[in-house]
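Trainee: There's a structure below that I have some questions on.
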There are 2 protein chains.
Amino acid sequence: MELPVDAARISRELDTLAGFTDDPAPAVTRVVYTPTDLKARAYVRALLREAGLTLREDGLGNLFARWEGARPELSAVATGSHLDAIPHAGRFDGTVGVLGALEAFRALRAAGFVPLRPLELVVFTSEEPTRFGVGCLGSRALAGVLTPEQLAALRDADGVSVPEAARAAGFTAPLEAVALRAGHFHAFVELHIEQGPQLEAAGVPIGVVTAIAAPATLHLTLTGSGGHAGAVLMRGRRDALLAAAEVALAVEAAALATEDPDTVATVGILDVHPRAVNAIPNRAFLTVDARDTHEGRRDALVARIRADVQEVAERRGVAAEVVLVNADPPAACDPALVAAAERAAAAAGLPSQRLVSRAYHDTLFMARVCRVGMVFIPSQGGVSHRPDEYSSPQEVAQGVEVLARTLAALASEPD
Amino acid sequence: MELPVDAARISRELDTLAGFTDDPAPAVTRVVYTPTDLKARAYVRALLREAGLTLREDGLGNLFARWEGARPELSAVATGSHLDAIPHAGRFDGTVGVLGALEAFRALRAAGFVPLRPLELVVFTSEEPTRFGVGCLGSRALAGVLTPEQLAALRDADGVSVPEAARAAGFTAPLEAVALRAGHFHAFVELHIEQGPQLEAAGVPIGVVTAIAAPATLHLTLTGSGGHAGAVLMRGRRDALLAAAEVALAVEAAALATEDPDTVATVGILDVHPRAVNAIPNRAFLTVDARDTHEGRRDALVARIRADVQEVAERRGVAAEVVLVNADPPAACDPALVAAAERAAAAAGLPSQRLVSRAYHDTLFMARVCRVGMVFIPSQGGVSHRPDEYSSPQEVAQGVEVLARTLAALASEPD
């Protein structure tokens with residue numbers, strides 16, 4: 001089967017999609033349920049309809065675009081990714097898995113492929129944790145990991161809950177109907193940029209993911225004592241920013257201490273109060289993002305960070321409030337899907353290599369309801385979540401071809 | 001002379017003034033030229049007019065309220081302070097020196113005092129550095145330390161310059177006319193809360209300031225490399241927040257290293273970019289506020305901090321931009337004014353003690369154009385720049401009486 005993947009078309013569509021941003025190009029900022037996010041969704045919905053797909057949206061805004069199979073009663077083969085982008089991010093994270101899946105469907109149809117099983121393209125709501133503090137909102141809810149009650153308890157910085165924000169964005173279906181039953185999908189395969197340096201360094205165009213690292217998120221609030229930066233003597237200060245500085249360095253030290261490159265930990269947010277040049281900070285808020293491919297080692301990392309926070313807080317006379325926002329298990333990709341993706345790469349004449357995803361994806365949660373696999377394409381410089389994130393049109397097209405061939409194989413499985 | 005200082009009246013007026021705030025009580029947030037600042041000014045202007053004073057405002061909004069002397073041709077004795085408050089501050093910093101001076105004038109007039117020299121109450125614009133990054137904007141300009149050209153170069157976070165903001169707030173007089181000639185005032189005396197613990201600890205109601213510590217401010221921008229918090233390995237990261245954390249701790253260590261309690265250094269602001277839970281910070285901005293009573297030691301402190309920033313930046317592969325925003329000399333109070341304040345305290349039957357002001361005040365810059373003195377009252381718990389900043393009505397009234405008697409003595413000096 002020759003697959004007419006149109007590299008120029010998908011590049012054009014990625015460029016157009018990148019235009020929906022709340023920061024000037026090349027930065028992309030697209031936060032869930034904002035007017036910009038809704039405009040981007042409308043653009044993608046129109047493309048999906050043009051391609052002849054049947055659309056359905058759930059109460060969170062997860063979007064399902066279906067290509068009916070010859071045997072509609074069989075469970076569908078699903079693919080997809082997300083459209084939202086963290087502040088000052090790039091144009092390929094998530095979007096390649098959405099527009100790439102669409103291009104895969106179009107190429108398969110143009111090649112005369114007739115799926116036995118239905119194919120569904122899923123656009124997940126809020127893979128990024130920007131607004132509500134928890135990543136993979138849509139796929140967590142689909143997997144039943146976030147219940148409607150838990151969604152109602154999640155609020156953004158303005159105190160707006162997820163259901164309130166979803167309704168305001170026009171998604172009014174009941175949240176009780178979001179969770180999928182086990183077996184709803186036959187399999188799920190996500191196309192994504194690597195967001196790391198391995199494929200580029202090896203000169204290999206296709207990565208086949210074997211496992212996704214286990215992420216955890218902590219929210220820390222440190223409360224000390226403020227006062228005038230000139231008048232309060234150094235001895236006896238209880239400066240929340242200095243405590244936060246020690247915690248940030250302890251987080252780095254804890255990740256380095258495992259001496260395994262798969263352990264990473266990051267303080268991405270540090271806010272101080274009252275945030276005045278001549279006032280001692282009396283409060284600091286920071287986030288810790290900790291990940292490891294080994295769940296036990298990830299848990300030990302989190303435990304060490306918690307202990308370090310307590311030690312710093314006690315020594316500096318600062319109160320510490322620690323909230324474990326999430327601590328998810330890692331996901332193993334299904335060996336049969338790994339093999340299917342490798343065969344697809346071979347059929348496309350493309351070298352592939354197996355790797356582990358240290359970044360997490362909606363696939364991490366789809367693994368709770370069906371077999372999963374992931375296909376990676378190279379990220380220039382290993383760079384992601386930045387405006388200079390880049391994969392070439394050819395690399396994107398190669399990923400689309402491997403995705404299409406993998407989906408075709410899976411959609412042809414009678415059972 | 002019996003002085004009928006009305007403790008209840010000035011407490012009421014302080015309470016009313018505290019109602020002009022952009023944060024809920026008990027916090028006071030009143031940033032220069034905001035609608036809230038302008039409303040507070042209007043309230044105080046009305047009180048000054050009611051007291052029969054003649055008002056003049058310059059192009060920055062510095063306000064002069066004059067009680068004419070028997071010999072109007074003599075240089076005036078001045079007093080005053082500021083109305084602006086940093087975010088989440090309290091109700092006594094600055095305001096006690098404005099409303100206290102007004103109460104001193106009223107008490108002197110009620111007691112039948114007739115000044116030989118004119119008395120002027122000055123309300124200084126923007127003693128706090130919140131909006132434009134430089135403290136004592138008004139008094140610096142009065143002292144000629146900030147020229148109209150330099151004022152035009154100072155911009156707030158939105159890029160608005162000082163002259164633009166002043167004009168928008170309704171202050172349209174030429175900035176060229178702001179600077180006072182040397183000898184414009186006979187003397188300047190400021191009443192202020194101590195903002196430190198010494199008077200309360202000693203159980204002494206009146207502090208007579210002998211010197212004001214030398215302040216310096218640095219703005220630091222650290223630029224590293226961002227990326228995905230999961231995908232970028234720990235080794236080789238150039239995390240701007242971790243560099244900033246090391247710098248903040250180095251600032252503390254540098255201040256402690258002098259082993260003199262008069263050395264203080266504070267990081268009050270730390271902003272990170274892009275500020276996302278799952279993105280490595282690629283940029284950090286921080287402010288350093290460094291002070292010492294000894295100018296040479298202060299300069300050595302600043303030099304050590306600069307060296308530490310370079311060391312951290314080089315080791316972490318981060319670019320460092322260091323801007324010295326201000327580095328002012330300390331000010332010595334005039335021995336004759338110190339003696340006058342001590343005599344005034346004795347006449348009021350109040351114990352007093354001499355002390356050094358580690359916080360700076362508009363007096364620091366008035367010292368460039370005339371002899372200066374300061375009178376302090378106790379701060380409960382040594383606390384300032386916080387909502388729980390407190391001095392009792394009695395303590396405020398005692399300070400007002402000492403200020404009034406000091407002003408009366410100075411205004412009676414024929415030459």
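Trainee: If you check B:Ala320 against the conditions, is it aliphatic (A, V, I, L, M), closer than 16 Å to B:Asp239 by Cβ and touching a helix residue (DSSP H, G or I) at 6+ places or on another chain (Cβ under 6 Å)?
Mentor: Values: aliphatic (A, V, I, L, M): yes; closer than 16 Å to B:Asp239 by Cβ: yes; touching a helix residue (DSSP H, G or I) at 6+ places or on another chain (Cβ under 6 Å): yes.
Considered against the rule, which asks whether it is aliphatic (A, V, I, L, M), closer than 16 Å to B:Asp239 by Cβ and touching a helix residue (DSSP H, G or I) at 6+ places or on another chain (Cβ under 6 Å), B:Ala320 comes out as yes.
Trainee: Let me ask something else about it. Mind counting the residues in the range A:68-87 that are outside any loop (DSSP other than H, G, I, E, B) and either outside the structural domain of A:Leu180 (by TED's automatic domain parsing) or surrounded by fewer than 24 Cβ atoms within 10 Å (Cβ to Cβ) (or both)?
Mentor: Total satisfying the criteria: 1.
Trainee: Continuing with this model, one more query. Is it the case that some residue within the range A:180-195 is in contact (Cβ under 8 Å) with a residue 40 or more places away in the chain, assigned to a loop (DSSP other than H, G, I, E, B), within 14 Å of another protein chain (Cβ to nearest Cβ) and not hydrophobic (A, V, I, L, M, F, W, C)? If you could, list the steps in order and put the result at the bottom.
Mentor: Step one: filter the range A:180-195 for residues in contact (Cβ under 8 Å) with a residue 40 or more places away in the chain, giving A:180-195.
Remaining after also requiring assigned to a loop (DSSP other than H, G, I, E, B): A:180-184, A:194-195.
Of the ones still in play, those that are also within 14 Å of another protein chain (Cβ to nearest Cβ) are A:194-195.
Now restrict to residues that are not hydrophobic (A, V, I, L, M, F, W, C): A:194-195.
Yes, the range A:180-195 contains at least one residue that is in contact (Cβ under 8 Å) with a residue 40 or more places away in the chain, assigned to a loop (DSSP other than H, G, I, E, B), within 14 Å of another protein chain (Cβ to nearest Cβ) and not hydrophobic (A, V, I, L, M, F, W, C).
Trainee: Specify the residue that is surrounded by the fewest Cβ atoms within 10 Å (Cβ to Cβ); the eligible residues are those in the range A:273-290 that are closer than 19 Å to A:Asp308 by Cβ and at the interface with chain B (Cβ under 7 Å from one of its Cβ atoms).
Mentor: A:Thr287
Trainee: Among the listed residues B:Val98, B:Val32, B:Val28, which satisfies the condition of being closer than 26 Å to B:Ala411 by Cα, β-branched (Val, Ile, Thr) and crowded, with 19+ Cβ neighbours inside 10 Å?
Mentor: Checking each option against the conditions leaves just B:Val98.
Trainee: Here's a follow-up. Would the range B:88-111 turn up any residue that is part of a loop (DSSP other than H, G, I, E, B), within 11 Å of the chain's Cα centre (by Cα) and within 13 Å of another protein chain (Cβ to nearest Cβ)?
Mentor: Looking for residues that are part of a loop (DSSP other than H, G, I, E, B), within 11 Å of the chain's Cα centre (by Cα) and within 13 Å of another protein chain (Cβ to nearest Cβ), one finds at least one in the range B:88-111, hence yes.
Trainee: Let me ask something else about it. Restricting to the range B:201-222, and then to whatever is closer than 30 Å to A:Val267 by Cα and surrounded by fewer than 19 Cβ atoms within 10 Å (Cβ to Cβ), can you tell me which residue is farthest from the other protein chains (Cβ to nearest Cβ)?
Mentor: In this case the residue turns out to be B:Thr221.
Trainee: Determine, yes or no, whether B:Ala347 is within 30 Å of B:Val204 (Cα to Cα) and assigned by TED's automatic domain parsing to the domain that holds B:Thr221.
Mentor: no
Trainee: Can you tell which of B:Asp37, B:Asp22, B:Asp15 is in the same structural domain as B:Ser161 (by TED's automatic domain parsing) and not in a helix (DSSP H, G or I)?
Mentor: Numbers: B:Asp37 fails: not in a helix (DSSP H, G or I); B:Asp15 fails: not in a helix (DSSP H, G or I).
Of the residues listed, the single one that is in the same structural domain as B:Ser161 (by TED's automatic domain parsing) and not in a helix (DSSP H, G or I) is B:Asp22.
Trainee: Restricting to the range B:131-144, name every residue that is farther than 14 Å from B:Tyr360 by Cα and assigned to a loop (DSSP other than H, G, I, E, B).
Mentor: Looking only at the range B:131-144, we keep the residues that are farther than 14 Å from B:Tyr360 by Cα, and these are B:131-133, B:141-144.
Across the range B:131-144, the qualifying residues are B:Arg131, B:Phe132, B:Gly133, B:Ala143, B:Gly144.
Trainee: List the number of the failed condition for B:Leu270; all other conditions in (1) of a type in the set (A, V, I, L, M, F, W, C); (2) touching a residue at least 40 places away in the same chain (Cβ under 8 Å); (3) crowded, with 24+ Cβ neighbours inside 10 Å; (4) in the same structural domain as B:Leu301 (by TED's automatic domain parsing) hold.
Mentor: It fails just one condition, (2).
Trainee: Given (1) touching a His at 6+ places or on another chain (Cβ under 6 Å); (2) in a loop (DSSP other than H, G, I, E, B), identify the lone condition not met by A:Val323.
Mentor: Only one criterion in (1) touching a His at 6+ places or on another chain (Cβ under 6 Å); (2) in a loop (DSSP other than H, G, I, E, B) is unmet by A:Val323, namely (2).
Trainee: Examine the range B:126-134 for a residue that is farther than 20 Å from A:Ala229 by Cα, polar (S, T, N, Q) and in contact with a Leu (Cβ under 6 Å, 6 or more places away or on another chain), and state whether such a residue exists.
Mentor: No, every residue in the range B:126-134 fails to be farther than 20 Å from A:Ala229 by Cα, polar (S, T, N, Q) and in contact with a Leu (Cβ under 6 Å, 6 or more places away or on another chain).
Trainee: Taking the range A:112-130 on its own, how many of its residues are assigned to a loop (DSSP other than H, G, I, E, B) and acidic (Asp, Glu)? Walk me through it before giving the result.
Mentor: Quick first cut of the range A:112-130, residues assigned to a loop (DSSP other than H, G, I, E, B) only: A:112-118, A:125-130.
This time we only want the ones that are acidic (Asp, Glu), so: A:127-128.
Of the residues in the range A:112-130, 2 are assigned to a loop (DSSP other than H, G, I, E, B) and acidic (Asp, Glu).
Trainee: Specify which of the listed residues (A:Leu337, A:Leu301, A:Leu355, A:Leu364) is in a strand (DSSP E or B) and either touching a residue at least 40 places away in the same chain (Cβ under 8 Å) or in contact with an Asp or Glu (Cβ under 9 Å, 6 or more places away or on another chain) (or both).
Mentor: A:Leu355
Trainee: From the list A:Asp308, A:Asp289, A:Asp334, A:Asp328, which residue is touching a Pro at 6+ places or on another chain (Cβ under 6 Å) and not polar (S, T, N, Q)? Walk me through it before giving the result.
Mentor: On the way: A:Asp308 fails: touching a Pro at 6+ places or on another chain (Cβ under 6 Å); A:Asp289 fails: touching a Pro at 6+ places or on another chain (Cβ under 6 Å); A:Asp334 fails: touching a Pro at 6+ places or on another chain (Cβ under 6 Å).
The conditions single out A:Asp328.
Trainee: While we're here: Check A:Gly296 against each of (1) more than 30 Å from B:Arg386 (Cβ to Cβ); (2) touching a helix residue (DSSP H, G or I) at 6+ places or on another chain (Cβ under 9 Å) and name the one condition it does not meet.
Mentor: (2)
Trainee: Does the range B:251-258 contain at least one residue that is under 23 Å from A:Arg275 (Cα atoms), assigned by TED's automatic domain parsing to the domain that holds B:Ala319, of a type outside the set (Lys, Arg) and not in a helix (DSSP H, G or I)?
Mentor: No, there is no match, as no residue in the range B:251-258 is under 23 Å from A:Arg275 (Cα atoms), assigned by TED's automatic domain parsing to the domain that holds B:Ala319, of a type outside the set (Lys, Arg) and not in a helix (DSSP H, G or I).
Trainee: Let me confirm something: among A:Thr130, A:Thr172, A:Thr147, which residue is polar (S, T, N, Q), closer than 21 Å to A:Glu389 by Cβ and either in the same structural domain as A:Leu337 (by TED's automatic domain parsing) or surrounded by 17 or more Cβ atoms within 10 Å (Cβ to Cβ) (or both)? Quick ask: steps written out before the conclusion?
Mentor: Details: A:Thr172 fails: closer than 21 Å to A:Glu389 by Cβ; A:Thr147 fails: closer than 21 Å to A:Glu389 by Cβ.
Criteria check complete, one pass: A:Thr130.
Trainee: Still on this model: Only one residue in A:Ala169, A:Ala153 is of a type in the set (A, V, I, L, M) and over 21 Å from A:Thr36 (Cβ atoms), so which one is that?
Mentor: Values: A:Ala169 fails: over 21 Å from A:Thr36 (Cβ atoms).
Residue meeting the stated conditions: A:Ala153.
Trainee: Of all residues in the range A:349-388, which are modelled with pLDDT of 95 or more, crowded, with 24+ Cβ neighbours inside 10 Å and hydroxyl-bearing (Ser, Thr, Tyr)?
Mentor: Selection gives A:Thr363, A:Ser379.
Trainee: Condition (residue is facing chain B (nearest Cβ under 8 Å), in a strand (DSSP E or B) and within 28 Å of the chain's Cα centre (by Cα)) applied to the range A:229-249: is it met by at least one residue?
Mentor: No, the range A:229-249 has no match at all.
The values are calculated or read from the model by the stated rules, or taken from the named source; none is laboratory data. Predicted model only: the values in this text are computed from it and were never measured. Note that each Cβ is placed from the backbone with ideal geometry, even for glycine, and that neighbours are counted across all protein chains shown.
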